[in-house]
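Asker: This is the structure, below, for whatever I ask next.
The values are calculated or read from the model by the stated rules, or taken from the named source; none is laboratory data. None of these values were measured; they are calculated from a predicted model. FYI the Cβ positions are ideal-geometry reconstructions off the backbone, even for glycines, and counts take in every protein chain you see. Please note that ligands, DNA and RNA were not included when accessible areas were found on the heavy atoms of the full protein model with its side chains. Shrake-Rupley method; radii C 1.70, N 1.55, O 1.52, S 1.80 Å.
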Amino acid sequence: MKLSILNILRNHKDIFISGEELSRQLGVTRAAIWKHMKQLQEEGYVIESFTKKGYRLLFEPPKLSIEKISSNLANNSLAKKILYFETIDSTNEYCKKNSESLTDGTIILSDSQSNGKGRFDRNWFSPKGKGIYCSIFLKPVISTYEIYKITLITCAAITEVLIKQGVNAQIKWPNDIYVKNKKIGGILTEMKGDMDRINYLVIGFGLNINQDSKDFPQDLSSIATSLKTVYDLEFDREEILTGILNKLEKYYKEFQHSLNFSESLDIIRKHSLVINKNVTLSKGKEKISAKVLNIGDNGELIIDRNGREECIYSGEISLSINQ
Ligand code: BTN
């Protein structure tokens, strides 16, 4: 229904169409039309409405150019197939639901998510036409125990590409990207498998690119930001996305081949937001206060806890920096 309304508005470009006419054409009540208009506005469509005149479409959020993305990813083994959606509940959920039919090296991209997922069942704010919401479906031949390193490799690829764009990106171990002490990106790696074999792996990443500060809900605005908000510039989402996928392919191939991820580790250490900081690590109800000393050669966090050195592997740990 929403799409039918949108198509009628598109066909009436610059001309008002009344709620009555829309409800006649689509066979639904005017209240239903109003509800869908509200949803479209929440998704970023600018629709003018006047009681006597009706509705008029003024602006549509930009769509990712799949042509540009595909041509920049020719021969990329992570993107042998690209599935694009204007909107979806969650690109990660799509991968999990369709894991039987998806093949290794499939990218799921969406211009918005209605139920984007973060770690610890949090929501990932995914407004239309402004961010990058991407999942990579893979069937790697790697031991299950090594999989957590893929998140770190992805962090490194994202950070490197952002730095090349002039962005002062930092990594908050193990899966967050920060700029000016606020979060602009996160990675959610999910997998199915047993001890010996991975059935499939999904690397999902979300980046806040061209959101304006007013786009963020109040509860997020103190902790999250976007590149546009920080640098007062529009960034090229396609260029960033394909840059990341090309960098990640290089690191992933090397890791699959030799389990070597030293180049990623160098980036993670160099651009770490947590090394030398006092932090609180939470695992369920347990909380640990510590100072981060370094990131170890296996990607683990090396901490000083009450004068004793300990290693922390990411697992279900969340980290916050003490002020
Ligand atoms: C986090 O910081 O907690 C991880 C956020 C991951 C968000 C991305 S957006 C694309 C993919 N699909 C999802 O539902 N989540 C990931």
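Each row is one residue, and each column tells you yes or no for (1) out of contact with any strand residue (DSSP E or B) (no Cβ under 8 Å at 6 or more places or on another chain); (2) modelled with pLDDT of 95 or more; (3) open to solvent by less than 70 Å² (accessible area, probe 1.4 Å).
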site	(1), (2), (3)
LEU22	no, no, yes
ARG30	yes, no, no
LYS63	yes, no, no
ILE69	no, yes, yes
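Asker: Sticking with this one: Assuming LYS247 fulfils every condition listed in (1) open to solvent by 40 Å² or more (accessible area, probe 1.4 Å); (2) of a type outside the set (S, T, N, Q); (3) in contact with a helix residue (DSSP H, G or I) (Cβ under 7 Å, 6 or more places away or on another chain); (4) not in a helix (DSSP H, G or I) apart from one, which condition is it?
Answerer: Only one criterion is unmet by LYS247, namely (4).
Asker: Let me ask another. Restricting attention to segment 119-141, report how many residues are open to solvent by less than 10 Å² (accessible area, probe 1.4 Å), of a type in the set (A, V, I, L, M) and more than 12 Å from the ligand (Cβ to nearest atom).
Answerer: 1
Asker: Looking only at segment 250-266, which residues are under 21 Å from LEU78 (Cα atoms) and either open to solvent by 30 Å² or more (accessible area, probe 1.4 Å) or in a loop (DSSP other than H, G, I, E, B) (or both)?
Answerer: Selection gives LYS250, LYS253, GLU254, GLN256, HIS257, SER258, LEU259, ASN260, PHE261, SER262, GLU263.
Asker: Could you please find all residues in segment 222-244 being open to solvent by 40 Å² or more (accessible area, probe 1.4 Å) and either modelled with pLDDT under 95 or not in a helix (DSSP H, G or I) (or both)?
Answerer: Residues satisfying the conditions are SER222, ILE223, ASP232, LEU233, GLU234, ASP236.
Asker: Within segment 153-167, is there a residue that is of a type in the set (D, E, K, R), out of contact with any strand residue (DSSP E or B) (no Cβ under 9 Å at 6 or more places or on another chain) and either open to solvent by 10 Å² or more (accessible area, probe 1.4 Å) or without any contact (Cβ under 8 Å) to a residue 40 or more places away in the chain (or both)?
Answerer: Checked against the condition, which is being of a type in the set (D, E, K, R), out of contact with any strand residue (DSSP E or B) (no Cβ under 9 Å at 6 or more places or on another chain) and either open to solvent by 10 Å² or more (accessible area, probe 1.4 Å) or without any contact (Cβ under 8 Å) to a residue 40 or more places away in the chain (or both), segment 153-167 yields at least one hit.
Asker: Do the conditions hold for LEU319, that is, is it closer than 24 Å to GLU160 by Cα, in a strand (DSSP E or B) and open to solvent by less than 60 Å² (accessible area, probe 1.4 Å)?
Answerer: When the stated conditions are applied, LEU319 passes them.
Asker: State which residue is nearest to THR151 (Cα to Cα) when the search covers only segment 272-299 and only residues that are more than 23 Å from the chain's Cα centre (by Cα) and part of a loop (DSSP other than H, G, I, E, B).
Answerer: ASN298
Asker: Being near the ligand (Cβ under 9 Å from one of its atoms) and surrounded by 20 or more Cβ atoms within 10 Å (Cβ to Cβ) is the filter here; which residues of segment 74-108 pass it?
Answerer: ILE88, SER90, THR91, ASN92, TYR94, CYS95, ILE108
Asker: Which pairs turn up if I take residues in segment 267-281 that are surrounded by fewer than 18 Cβ atoms within 10 Å (Cβ to Cβ) and look for partners that are not in a strand (DSSP E or B) with beta carbon separation below 7 Å, at least 6 apart in sequence or on another chain?
Answerer: ARG269/ILE275; ASN278/ASN322; THR280/ASN322
Asker: Okay, moving on. State which residue pairs qualify: first residue aliphatic (A, V, I, L, M) and inside segment 113-130, second residue near the ligand (Cβ under 9 Å from one of its atoms) in any location, beta carbons under 7 Å apart, and separation of 6 or more residues or different chains.
Answerer: Here the result reads none, with nothing in segment 113-130 linked to a residue that is near the ligand (Cβ under 9 Å from one of its atoms).
Asker: Looking at ASP194, ASP176, ASP219, ASP212, which is the one that is surrounded by fewer than 22 Cβ atoms within 10 Å (Cβ to Cβ) and either in contact with a strand residue (DSSP E or B) (Cβ under 9 Å, 6 or more places away or on another chain) or under 17 Å from LYS247 (Cβ atoms) (or both)?
Answerer: Values: ASP194 fails: either in contact with a strand residue (DSSP E or B) (Cβ under 9 Å, 6 or more places away or on another chain) or under 17 Å from LYS247 (Cβ atoms) (or both); ASP219 fails: either in contact with a strand residue (DSSP E or B) (Cβ under 9 Å, 6 or more places away or on another chain) or under 17 Å from LYS247 (Cβ atoms) (or both); ASP212 fails: either in contact with a strand residue (DSSP E or B) (Cβ under 9 Å, 6 or more places away or on another chain) or under 17 Å from LYS247 (Cβ atoms) (or both).
Unique residue meeting the criteria: ASP176.
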